[in-house]
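Here the structure is laid out as structure tokens; the discussion comes afterwards.
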Amino acid sequence: TEDVKLALDAELLNVRSTTLIEDRVLTARRLLAKITHDGVTMTGDANVDSVPVNATWTQSFGVGSKQSKIDARLNLMNKNLRAFGVVLPDGTLSGSTPARMDITLRRGSPPKFSLVSNLVGASMRVPALSWSKGKQTKGRFSIEGSLGQRVDVGALSFKAPGLEAVGTLDLNTN
């Protein structure tokens, strides 16, 4: 009945999954979960393979609740990019810049993602264009698309003083 209220708090310890993210290992020492009549939220620090992330997963209950969302914070740096198979030419990126990644999970559809960073904390160089950006110089990097057996990058943009690029990315192996 409407008089019954649900409010549960849980602490999950030593979490490990090889199935939540295809071909990746998710681990966390401690995650906090809150379950109410409105939905469930899980939050905490975790690692996806060797990449540290701070994330919150939210799933609403009720009619029309066919999707859940992940809001993650991570650092873009060479080591973390390489863990996901992104290898930049030597000297292109040094340092680390915070980024926010939002993922929408909808049953029966590939997950949709967006990632945004202001690029502060990372220095960048593109020698072929005689271009560079210092660590404290702001910029904007954003990428969005869908994840699945085939990653689809529908929008990609980069902007920093002296260099701007907009496009899409085809990661098809053919």
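Just so it is clear, none of the values below were taken in a lab; they were calculated from the coordinates. None of the values given here were measured: they were computed from a predicted structure. A quick note on method: Cβ atoms are made from the backbone with ideal geometry, for glycine too, and the neighbour counts reach across all protein chains shown.
Among the listed options (i) 67, 32, 29; (ii) 47, 37, 37; (iii) 53, 34, 31, the one matching Cα extents along the principal axes in Å as calculated from these coordinates is (i). Entry note, the chain: the mean residue ellipticity at 222 nm calculated from DSSP H runs of n ≥ 4, each adding -39500 (n - 2.57), is -1000 deg cm²/dmol after division by the residues and rounding to the nearest 500.
Protection proxy ranking, highest mean first, for peptides 136-146, 114-124, 13-23, 86-96: 114-124, 136-146, 86-96, 13-23, where packing is the per-residue count of other beta-carbon atoms within 10 Å, averaged.
Checking the cross-link pairs Lys112/Lys159; Lys5/Lys112; Lys135/Lys159; Lys34/Lys69 against a 25 Å limit on the alpha carbon distance flags Lys5/Lys112 as lying beyond it.
Structural descriptor for the chain: relative contact order 11 percent, calculated from alpha carbon pairs under 8 angstrom and at least 6 residues apart. Modelled this way, with points 7 Å down the Cα-to-C-beta line, the labels at Ser114 and Ser142 are 0.6 nm from one another.
Computed from label points 7 Å out along Cα-Cβ, the spacing between Val15 and Leu129 is 3.8 nm. Ignoring aspartates and glutamates fewer than eight residues from Lys79 along the same chain, the ones with Cα atoms less than 15 angstrom from its Cα are Asp49, Asp90.
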